[in-house]
1. In this structure, does B:Arg173 turn out to be among the charged types (D, E, K, R) and closer than 29 Å to B:Leu52 by Cα?
2. Please go through region A:163-211 and pick out each residue that is in contact (Cβ under 8 Å) with a residue 24 or more places away in the chain and among the charged types (D, E, K, R).
3. Do the conditions hold for B:Val122, that is, is it modelled with pLDDT under 95 and out of contact with any Cys (no Cβ under 9 Å at 6 or more places or on another chain)?
4. Look through A:Val128, A:Val120 and report the one residue that is farther than 30 Å from B:Arg79 by Cα and surrounded by fewer than 18 Cβ atoms within 10 Å (Cβ to Cβ).
5. Kindly state which helices (runs of 4 or more DSSP H) lie completely within region B:135-227 and contain at least 2 residues that are within 25 Å of B:Val101 (Cα to Cα) and in the same structural domain as B:Glu76 (by TED's automatic domain parsing).
6. So B:Arg71 clears everything in (1) over 30 Å from B:Asp128 (Cα atoms); (2) modelled with pLDDT under 95; (3) buried (at least 18 other Cβ atoms within 10 Å of the Cβ) except one condition, right? Which one?
7. Would you mind stating whether B:Ile257 is within 35 Å of the chain's Cα centre (by Cα) and either assigned by TED's automatic domain parsing to the domain that holds B:Val207 or more than 30 Å from B:Arg206 (Cβ to Cβ) (or both)?
8. Could you tell me which residue of region A:212-240 is nearest to the other protein chains (Cβ to nearest Cβ), considering only residues that are free of Cβ contacts under 8 Å to residues at least 12 places away in the same chain and outside any loop (DSSP other than H, G, I, E, B)?
Amino acid sequence: MKLVRDTWLVLTRQLVLMLRNPVWLFVGVLQPLYFLVLFGPLLRPVLGGADAFTTFVPGLLVMLAQFGTLFVGFGLLAELRAGIIERMRVTPVSRLALLLGRTGRDIVMLLAQASILVAVAIPFGLSVKAVNLLLTFVLLSLVAQLLSAVSYAIALKLRSEDAFAPLLNAASTPILLLSGIFLPMTLAPAWLRHISEWNPFSWAVQAARALFAGHPGDPHVWKALVILGGLAIASAAWAARSFARGVR
Amino acid sequence: MMIATRGLRKSFRGRKGAVTAVAGVDLVVRDGEIFGFLGPNGAGKTTTLRLLATLMTPDGGDATVAGVDLRQAPGEVRRRIGYVAQDGATWGEVTAREELVHQARLYGVGRAEARRRADAAVRAFQLDAFADRRCKTYSGGQRRRVDIALGVIHQPRLVFLDEPTTGLDPQSRAHMWAEVRRMRAEGMTVFLTTHYLEEADALCDRVAIIDNGEIVVEGTPTDLKREISGEVVKVGLDGGDPRAPALLRGEPYVRGIEPTADGVRLYVDDGATAMPRIMRTLDGSGIALRSIELHRPSLDDVFLARTGRSLRDDA
């Protein structure tokens, strides 16, 4: 099928480029690692001893998925300026593949980083079942697909780093804080909790926590998968249209 | 016909309302020719090119590109054309050969065939010396050659080149002209835009000049220039011999004549053949010639005559 072949073509090129400069993969995982090592121990007395990491690590994974992907639009802006996107748009390559190849690269990168983070957290006393970890990775992939598509669509719309950076900063901080990443939103006052219920990433964090706690049957899990799956499809449609902009 | 457009239109929403970039363009480009598209900056050159290359959808009008209806089947147009943007399209971290293989594969070619085509392109465009170095190390001329090689890797019947020689040194420019002629010799139709009037004159079989989104004139460079005023031959005579104007007025190739302070100015269709005849006529009557000069009108004169402005000022 043409879409699969084209996506694979775009994805492999992006992966080759990533491997030529793998330092970014490690730089990207540094921020959550700092939180894990320098902030995690602080949470132990607050969140009740050894279980603290079961609560904290899923939050860090979602944070990694958010911040690893929200900024991918910068890479696309560089490609736009180099004329790469335009060159590909005059070929018969599928417009959706131009998007999915790139978001695919972002997902691969995220899962590599998430594996590093989990591996580092295990000596701190984290324990999670393989199948639950796998489900968490599916969830993270949906978050990454959603946010990198959004990032690409906005980059294609704005076409300027000067506008892109402040917009991302303005949007990312409330999304992060309302996800309940550092502390569960159950500690929040009612009004804050109500707002966070409208934040899909808050659902992702709760689902990931349920999975790490060993409760794959928790309704948060399937609800988060449905919510993020739906949003991922919608954002892919939006971003693919941006890639095809002015072209049918 | 490789390209035929009728009333092609495109406007953009600007801060001060709609801006019309292309206001009804009618163009014909024939099979196998090098077609030059001229105009001042902002005249609609690049927009027209981007419309024809399916990068934008027209607001109105019709176009057939490489035998396919542009509005009905842009996907099929894409398969048949190549497009090389003005600012290039290589990525610094990969080599030219990798780019060529990937580009071929974007057209649906298999891996082995894509490699073969990339190798052939490296040979044809003489990229051997640097094809396996990363693109960021290339000179401007090298990069431009890679861009063109990428644009025709799928052997299209028609290729669009947006200002292929802008910013190149004279040697690279000469090289580029040779490449363009070679592509025509291989049966490709080349549609290029250029700032350089001499380039359009020397390289293109036919040209069109666009201004304010409309085609001002279209034809071969020679015809267009001839249409203006023919050519001018300035003859210098010792003491401005009074017999000369009367003598030359009767010659069949002279379209107009004007006495000047030290000779005559003659308007002729073709200066190259008129000059020896002028010299013979004057010699035969014993009139001493001091100097003879030929002024050929340039494409700039064509633009000037049609619009009252000089193309060169904006270019």
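The values are calculated or read from the model by the stated rules, or taken from the named source; none is laboratory data. Values in this document were obtained by computation on a predicted structure and should not be read as measured data. Please note: Cβ atoms are built from the backbone with ideal geometry, for glycine as well, and neighbour counts cover all protein chains shown.
1. Answer is yes for this residue.
2. Across region A:163-211, the qualifying residue is only A:Arg209.
3. No.
4. A:Val120
5. B:140-151, B:170-185
6. (3)
7. Taking the combined requirement at face value, the residue satisfies it.
8. Residue satisfying both the conditions and the ranking: A:Ala237.
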